[in-house]
Amino acid sequence: MSDTALRPAVPGVAAGAGPVRLPSPGTRRAFRHAVDRLARTGATADSIVAGPHHRLPPDLVRQLTALLGAPAGWNGYRVLRGLFADLGEPGPTPLHWSEPTGPADLPHELALALVGRLLGEVFGWANQQDGRLVHNILPSPGQETRQVGASSTLALAWHTEDGFHPERADFLLLACLRNPGGTGTRLASIRDIELGGADAALLGRPQLVIDPDDSYEPDPREGEHALGIRTVWGTGSARCVRYDPAYTRLLTPDPDFARAYARLGPAFERHAVEVPLEPGDLLLVDNDVMVHGRSAFPPRYDGSDRWLKRVLVRSTGTGRPNRPAQERLEHGFGQHRVRPATADARRTMHDA
C-alpha cells in the first residue's frame, strides 16, 4: 500500500505523508473472508491471540503489514479507514460493556484481535471488563460525567491509556462499530510541543503519582507507597509522555514544577487533532507519544449509541525509546495484566 492511498483525517492534516490510509477493496474483501472463515471454525478473540493455530493467509499478512507500516513511522497515530467496513452490522449498542451482544459483533472482535496480534501481544487487565482481551467502549447510564470510557456528556480529558501502570500498553487500537453523531476522538503528540529546557528538566523528575481511574479498584495500601513517576522522558523526536491529570497527585510543593505541569494541558490543546471515526475505521495510537481524549456527546440509550472496541498491545523491536528503568520498581497498584494464554484458559474453565 503506497502513500498515494492516504487522505486527511481532519481538515488541515496533509495528505501524502499523513496518518490515514485507505485499504484497497481487494484487501478489505480478503480480510472479510479470512474473518468469516475463522468465525465458522469457532474462533474467539482469546483463541486467536493465545496461540499459532489461527493464522491469516501469508499474502494477507503481507498486505496488512504494509498497510500498518512501521509504528515508528506513524508520527504517533494511524487511521486505517474502512478496513472493517465489510464485516456487517454489529447489532444494537449495549447499555453496558458486560451485556451479551450475540454473534453479530464477533467478526469485529476477531478482526481487531488479528490486527493487534500483528503488532505484538494483546492483553487485558484482570480487574477491568472481566479480564477480556477486547473491550467494549460505549456510553452507560450513570457514567455520563465520570472520567472513564463509559462517559458521554462530559468530554474525556487528555490522558495516557492506563498511565498509572508500568506495564501499560505500547499501542492502543480502537475499532469503530458505530458513531452516529460523528463524535471525535482527540489526539495530541508530546513531540509537537515546544518544551523548553527548564520545563523538560522539571517534568523529567519523578514528582507525581497517577492513580488508577474509576474503572479499577486499587489497593489503598499500595497507593500510599506509590513511587513518583516521570511525566516526560527522551528528547526531541524521541520524547515520550505519561500523563493523566484527572487522576494525578503531585508529590512536591515546588511551584515551578506545578506550573510546568499545568502548561502541558494548554499545549496539547494547541496541537490537538480530532478524528471523527466512521464505522469500519481502525485507529492505532502510540501510547508513549500521544495523549488522547474524546469530545462530549449526548447519549441515546436506544441501541444506536456510539460503540468502539478496544485492544491493548505490548510490543518490542519497533524502534521506540525505552521507558525509564525506574518503572520496573513500580507496583502498579495491584493491577495485573491478563495475557492471551491465561485469558484462553479462563474462558475454557468458564465454559466447562
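The values are calculated or read from the model by the stated rules, or taken from the named source; none is laboratory data. All values reported here derive from a predicted model rather than from experimental measurement. So basically every Cβ, Gly included, is an ideal-geometry build from the backbone, and we count neighbours across all protein chains shown. Ligands, DNA and RNA are excluded from the accessible area calculation, which covers all protein heavy atoms including side chains. Shrake-Rupley method; radii C 1.70, N 1.55, O 1.52, S 1.80 Å.
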Are any residues in region 115-157 in contact with a Gly (Cβ under 6 Å, 6 or more places away or on another chain) and open to solvent by less than 10 Å² (accessible area, probe 1.4 Å), and if so, which ones?
Val122, Gly124, Gly131, Leu133
Sort out which residues of region 56-114 are farther than 30 Å from Tyr301 by Cβ, open to solvent by 20 Å² or more (accessible area, probe 1.4 Å) and among the charged types (D, E, K, R), and write them in order of number.
Asp59, Arg62
Could you pull out the residue among Thr160, Thr185 that is touching a strand residue (DSSP E or B) at 6+ places or on another chain (Cβ under 7 Å), crowded, with 22+ Cβ neighbours inside 10 Å and farther than 28 Å from Ala226 by Cβ?
Thr185
Can you name the residue in region 37-66 that is at pLDDT below 90 and not in a helix (DSSP H, G or I) and is also farthest from Leu119 (Cα to Cα) among such residues?
His53
Selected residue (criterion: modelled with the highest pLDDT) from residues of region 207-227 that are surrounded by fewer than 16 Cβ atoms within 10 Å (Cβ to Cβ) and assigned to a loop (DSSP other than H, G, I, E, B):
Leu227
Considering each residue of region 71-122, count those that are of a type in the set (A, V, I, L, M), over 20 Å from the mean Cα position of the chain (by Cα) and assigned to a loop (DSSP other than H, G, I, E, B), and give that number.
2
So, in region 228-238, of the ones that are touching a residue at least 60 places away in the same chain (Cβ under 8 Å) and assigned to a loop (DSSP other than H, G, I, E, B), which residue ends up least open to solvent (accessible area, probe 1.4 Å)?
Gly234
